[in-house]
Ligand SMILES: NC(=O)c1ccc[n+]([C@@H]2O[C@H](COP(=O)([O-])OP(=O)(O)OC[C@H]3O[C@@H](n4cnc5c(N)ncnc54)[C@H](O)[C@@H]3O)[C@@H](O)[C@H]2O)c1
């Protein structure tokens, strides 16, 4: 099949594209490198010179997007373009909103023109700071529209609304609400919790904990997530589906795991909690289990060890 991947230089896209190329599909991808990594593209180009076609441009530019795949049949689209890390999506909040609205509208229009199936990468952030725990898909969320994270949280909510509108127009749209995902090939400076802990520990620095570290996260290993994305794309499900780990862990416990693997003598430094930082997140994955027969398999200790192994090759000491 011919498959288009938006945001193809990103972390999740890297693992997804590798899997799809291994299955002999041809991948068309583009990226503006706002948070993507050029090394990922170089590696894919070297390993799969005949089946991976890349162009650098912004999803907001409909003309370039349309020209890129003008005379190509596109069977499926994985729409992943959007910076996912808070420090990065807050650098240019208007562009983040444009990516979520104009960009998503552009790619849905391409799906309509090409009659392609499309999967939108939405996020657990659409639940905001949830008052229901764990979060099922029919929980409408508790989101701040007037804060630093709003450009992403509200942007993704609008992306879902656009997807709903195109679904009603007859486009086969899938929506995945991704909860925190981690693993090898995350960008070293994306500011996400595990990336920070591992790079700090490898450099022998103190690990920075925001707040008292009692806030929780549920971390899903990247290969588990990719299996879920593929299953959702192949399914006949058009309602939003949560994908993520049900194993909830405190930030301070994540720091302890990283320390225990890299260096138990490393100390912790505590800093104030950023505004809108969610206190608790855990997906209800009843629907993913029921409709996709999916649940994560990789344990947190094993996943963090694999991530550390790969980070050791990249972190400069
Ligand atoms: N990783 C997670 O834990 C997580 C959680 C929830 C949702 N998601 C969603 O999954 C998708 C991928 O996340 P990721 O962790 O791989 O993030 P990432 O930042 O590594 O990848 C996003 C990619 O999109 C590209 N991009 C951003 N805006 C673009 C634009 N306007 N035009 C072209 N390219 C653009 C970036 O350069 C980057 O390569 C995102 O949509 C994100 O919101 C991820």
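Values quoted throughout were computed directly from the atomic coordinates according to the rules given, and no laboratory measurement underlies them. Quick caveat, the model's predicted, so the values are computed rather than measured. Note that each Cβ is placed from the backbone with ideal geometry, even for glycine, and that neighbours are counted across all protein chains shown.
Find the percent of Cα-Cα distances in segment 273-317 that exceed 14 Å, and round it to a whole number. Mind dumping the intermediate values first?
Details: 707 of 990 pairs.
Distances greater than 14 Å cover 71 percent of the Cα pairs.
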* Kirkwood Rh, segment 183-227, all Cα pairs: how many Å? -> 12.0
* **Order of 265, 58, 75 - criterion: other Cβ atoms within 10 Å of each residue's Cβ, fewest first** => 265, 75, 58
* Structure fact -> At q = 0.11, 0.12 1/Å the base-10 log of I(q)/I(0) from the Debye formula over the alpha-carbon atoms of segment 181-287 is -0.41, -0.48
* Where does each of 82, 151 land when they are ranked from fewest to most other beta-carbon atoms within 10 angstrom? -> 151, 82
* Work out, step by step, the length gained on full extension between residue 205 and residue 188: first 0.36 nm times the residue separation, then minus their alpha carbon distance; give nm to one decimal. => 4.6 nm
* To do: Let me know the Rg and Dmax you get for the chain when you use only its Cα atoms, in Å.
  => 18.9, 59
* Of all DSSP beta bridges in the chain, what percent run antiparallel (nearest 5)? -> 10
* Asked: For segment 1-79, what size does the Cα cloud have along each of its three principal axes, sorted from largest down, in whole Å?
  -> 30, 28, 19
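Viscosity 0.890 mPa s, temperature 25 °C: what is the translational diffusion coefficient of segment 19-60 from Stokes-Einstein with a Kirkwood Rh over Cα pairs, rounded to a whole number of µm²/s? Let's see the in-between values first.
Numbers: Rh = 10.9 Å.
The Stokes-Einstein estimate is 225 µm²/s.
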* Using a simple spin-label model with points 7 Å from Cα along the Cα→Cβ vector, what separation in nm is obtained for residue 70 and residue 115? -> 2.2
* Compute the distance in nm between two label points, each set 7 Å from the Cα along the Cα-to-Cβ direction, one at residue 62 and one at residue 33. => 2.7
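What fraction of the Cα pairs in segment 82-165, stated in percent, has a spacing above 18 angstrom?
Values: 1544 of 3486 pairs.
So the portion of pairs separated by more than 18 Å is 44 percent.
With the radius of gyration and the Kirkwood radius both derived from the Cα set of segment 93-228, what is their ratio Rg to Rh? Please report the intermediate quantities before stating the final value.
Details: Rg = 17.1 Å, Rh = 16.9 Å.
Result for segment 93-228 is an Rg/Rh of 1.01.
What is the fewest-to-most order of 94, 188 by other Cβ atoms lying within 10 Å of their Cβ?
On the way: 94 8, 188 15.
Ordered from fewest to most neighbouring Cβ atoms within 10 Å, 94, 188 come out as 94, 188.
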* **Cα centroid of segment 59-87 to Cα centroid of segment 148-173, whole Å** => 15
* Over segment 1-154, how many percent of alpha carbon pairs lie in each 10 Å bin up to the one with the longest distance? -> 11, 38, 33, 15, 2
* Find the centroid of the Cα atoms in segment 279-317 and in segment 180-209, then give the distance between the two in whole Å. => 14
